[in-house]
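Let me begin by presenting the structure, written as structure tokens, before commenting on it.
The values are calculated or read from the model by the stated rules, or taken from the named source; none is laboratory data. In this text the structure is predicted, and so the values were computed from the model without any measurement. Reconstructed Cβ throughout: ideal geometry from the backbone, glycine too, with neighbour counts over all protein chains shown. What goes into the accessible areas is simple: the full protein's heavy atoms, side chains included, and nothing from ligands, DNA or RNA. Shrake-Rupley method; radii C 1.70, N 1.55, O 1.52, S 1.80 Å.
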Amino acid sequence: MSNPARNFFEIFDLAPDFAIDLAQLTGRYRELQRLVHPDKYAHGSDQERRLAVQMAANINDAFRTLKDPVERALYLLRLQNVAVDDESARRLDPEFLMEQMELREALGEVRGSSYAAQDLSNIFATIDKLEKQTLGALAAAFARDDAAALRSANEHVQKLRFIKRLRGEAQEVEEHLTSH
Amino acid sequence: MALLELSEPGQTPRPHERRVAVGIDLGTTNSLVATVRSGVAETLPDARGRHLLPSVVQYASGVAPRVGDDAKANAVHDPFNTIASVKRLMGRGVDDVKKLGNQLPYHFAAAESAVPRIVTSAGAVSPVEVSAEILKVLKQRAEETLGADLEGAVVTVPAYFDDAQRQATKDAARLAGLNILRLLNEPTAAAVAYGLDHQAEGVYVVYDLGGGTFDVSVLRLNRGVFEVLATGGDSALGGDDMDHAIAEWIMREAQIGDDADAMLLRRLLRDACVAKEQLTDAQQVTLHVELAVKRTWDGELSRAKLNELIDPLIQKSLAPCRRALRDANIKLEEVREVVMVGGSTRVPRVRELVGQFFARLPLTTIDPDKVVALGAAIQADVLVGNKPDTDMLLLDVNPLSLGIETMGGLVEQIIPRNTTLPVARGQDFTTYKDGQTAMSIHVVQGERDVVSGCRSLARFELRGIPPMAAGAGRIRILFQVDADGLLSVSAKEQTTGVESSIQVKPSYGLTDREIETMLRESIDHASDDVAARQLREQQVDADRLLDAVSVALAADAEALLNTAERAAIDTAMQALRGARVGTDERAIKNAIAALDKTTAEFAARGMNAGIRKALTGRTIAELKDI
């Protein structure tokens, strides 16, 4: 099919940059879906409907990738042929890994704690802070845009993946606490 | 004379003619049909002024089934032939039904497919057929009221319905002779009815507790765009369960054993339901239950006792609320309003606990029984083309994660839950044995990472892989979920191009042949015959394609096509027009396929160009090289 290999940024007519205007992205996303969503072709031919599903799916995929900073960063790194793999995760600085381990331990102790809600809320606050810092560092790395900066961007992305997993685990503990 | 025929090719010749379309809420307890007339959505009553059609079908030998109030009234006397709450069985397998076992007074027959069939005195019927009877009555009601054939219908389903349940609903509509424009999620439909009414903007939560299903959806409303951020629920939780809780309480109080017969159980459920409804206004009701001939039990049920009985059920609905908010990444205080939908939200305790949970008074301004059908009617009106200038756009999500089985009974997730639809996503797998020539693919839906904790949707096999060393064969599996939430899966070996694809016909679905047979049986042979019907369908498809291509040619041909391409399209159109006037269904079908193929590239270019134009304001001519 003629799907000119346009990258996700081009779909929204945006420059391939980590710093994007989310409101602009969202606005353009909605505008595009208004044009191609299969519901616009409920009365159309099979061909139009098939095409609409494919295009709308592609636009959804692009939007999902670009609106999330980690996904966006991964996508940018891939566009620039920077290998993103577990190898780089293994080289993360020990200080960060140590902090992650401590947070995990703290999380493991929440369930037995008599101040569970407070402990959990402290952990969430730490995760929020850590995430904000790392996102800031990631944005700064992309802004520098040289080979060393891309390597460090890769590292921040790996950190953010750790943070995301940790947040997921914290949410599971939260769910467990609220439903019991 | 000729002036009258001067409409541009492809344009609707009668632009002011309204197409008749309806929205149908096919509910567990009650069903409704609604339409938009003079710009206002309204539900349509029957000849006696009743809007709600009880979703109850009574079968009897040799006569057409009874549907609605009459059937409901007979349920206690004829429990085995009177099917209520059939929605709970839609898309379910024989094993699921066994789990519901003691709640269902019916006899089930063994069928050749995995679909359970209920034995009645008019023969064994599948849940799809029972639902189709309800839909037929609503279709007829609409056609009589509106004085026209229906162009199409939007039928609502619980957001939390899985693929099998959706497919079953679509099959039922097809069996009832409805042209389905869309399966629409019930909370989304409710949001449409509310949102358009209130010019709403911001984050809304729809809490939809019906007779047998519970849904919660978190939506962001922005200038006509209804974007579902997350959805959750329980496709087996509703007012029915409250009735059962009350009935069980009565059984304990009245010391009725588990061996009570079906008729007594039906009476208990009926009385429980009445008591529950009365307790919406009253603080206390008196129960007078007929246990057997000349033996009754009398008792009192207070609202406090009712609350105690149903609190666990309401609590059960709050966990999905919490999860949906989290999935949507929305904090409680960001929620602008909570909209209550479904008859069971009339229960004061439901309003109270939901209000507490969301820390605000829930909205109940539109009749919770009607709001879903009204929203569906509004969407149907748009889809059928009556509102070409509307800004309305519904962006929904898939409620449950989709994946495939990998080694060791584990699930590899391919599309996570709450992904915006439509979605297409591929995943590559490698062959794991030397000389492997086939790969079996097991598609599952659910949130657990082991196959046994998920619902099996379908199994199929990719064959004809040329023998290669282990790991050398790369198989790409592509999942596509359309706007109705229906999945299709295809698999392709990348190095050789060997392909296999299926429309996911769920493990618990009816086969195409079964549906075909039912359709054949349901068509009145005197007035209609299958071949004529198929010919008409092909002619309609041909007209649609010819129309679409004409419009596209008039708009973009110059910018997007060279002379040779244009000539090829003209030839294929001519061929289809030629076949269209004949009566050879197959010839029309082939000509459609040929024109489709010839214009595929042009159509894709046109849509791409439209996208570029919308974003940049440049004209298509300037963009033809992109």
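Overall form of the protein assembly as shown: oblate. Here a/c, set by the Cα gyration tensor axes a ≥ b ≥ c, is 1.5 or more, and a/b is not larger than b/c. Potential lengthening of the chain between B:ALA47 and B:ALA593 amounts to 192.0 nm, from the contour at 0.36 nm per residue minus the alpha-carbon distance. Taking 7 Å steps out from each Cα toward its Cβ at B:GLN315 and A:ASP93 produces label points 4.7 nm apart. Here the calculated FRET efficiency for B:ARG476 and B:LYS98, from their Cβ-Cβ distance with R0 = 30 Å, stands at 0.20, rounded to the nearest 0.05.
Shielding value for B:474-485 is 2, the average number of Cβ atoms from other chains within 10 Å of each residue's Cβ. Against the compact-protein benchmark of 2.2 N^0.38 Å, the Cα-based radius of gyration of segment A:117-180 scales to 1.40. Convex hull volume of the Cα atoms of segment B:527-572, normalised per residue: 65 Å³.
Shape class of segment B:154-262 from the alpha-carbon gyration tensor: oblate, with a/c at 1.5 or above and b/c at least as large as a/b. Surface analysis of segment B:379-440 yields an accessible area of 40 Å² per residue, using protein heavy atoms and a 1.4 Å probe. Using just its DSSP H runs of length 4 or more, each adding -39500 (n - 2.57), chain A gives a mean residue ellipticity at 222 nm of -25000 deg cm²/dmol after division by all residues.
Computed with every protein chain present, the accessible area of B:ARG605 is close to 60 Å² [probe 1.4 Å]. Projecting label points 7 angstrom from Cα along Cα→Cβ for A:GLN171 and B:GLU201 puts them 2.8 nm apart. For chain B, the mean residue ellipticity at 222 nm estimated from helices alone is -12500 deg cm²/dmol, where every DSSP H run of n ≥ 4 contributes -39500 (n - 2.57) and the total is divided by all residues, rounded to the nearest 500. The mean number of partner chain beta-carbon atoms within 10 angstrom of a residue's beta-carbon across peptide B:222-229 is 2. Chains A and B together bury roughly 4100 Å² of accessible surface, counting both sides and using a 1.4 Å probe on protein heavy atoms. Between B:GLU290 and B:ASN74, how high is the FRET efficiency from 1/(1 + (r/R0)^6) when r is the Cβ-Cβ distance and R₀ = 22 Å? Nearest 0.05. FRET efficiency, B:GLU290 to B:ASN74: 0.85. Let me know the shape class of chain A, please: from the alpha-carbon gyration tensor, a ≥ b ≥ c as square roots of the eigenvalues, rounded when a/c is under 1.5, otherwise prolate if a/b is greater than b/c, or oblate. It is oblate, given that a/c is not under 1.5 and a/b is not larger than b/c. Taking the accessible area of chain B, probe 1.4 Å, and keeping the other protein chains in place, the carbon and sulfur fraction comes to 49%.
Placing a pseudo-label 7 Å from each Cα along the Cα-to-Cβ vector at A:TYR115 and A:ARG64 gives an inter-label distance of 4.1 nm.
With a 10 Å cut-off around each Cβ of B:326-333, the average count of Cβ atoms from other chains is 1. Restriction of the chymotrypsin sites (Phe, Trp or Tyr not before Pro) in segment B:354-457 to DSSP coil positions whose beta-carbon has at most 16 other beta-carbons within 10 angstrom yields B:TYR432. Applying 1/(1 + (r/R0)^6) with R0 = 30 Å to the Cβ-Cβ distance of B:ALA260 and B:VAL63 gives a FRET efficiency near 0.50. With Cα atoms defining each centre, segment B:394-428 and segment B:459-483 are spaced 16 Å apart in the structure.
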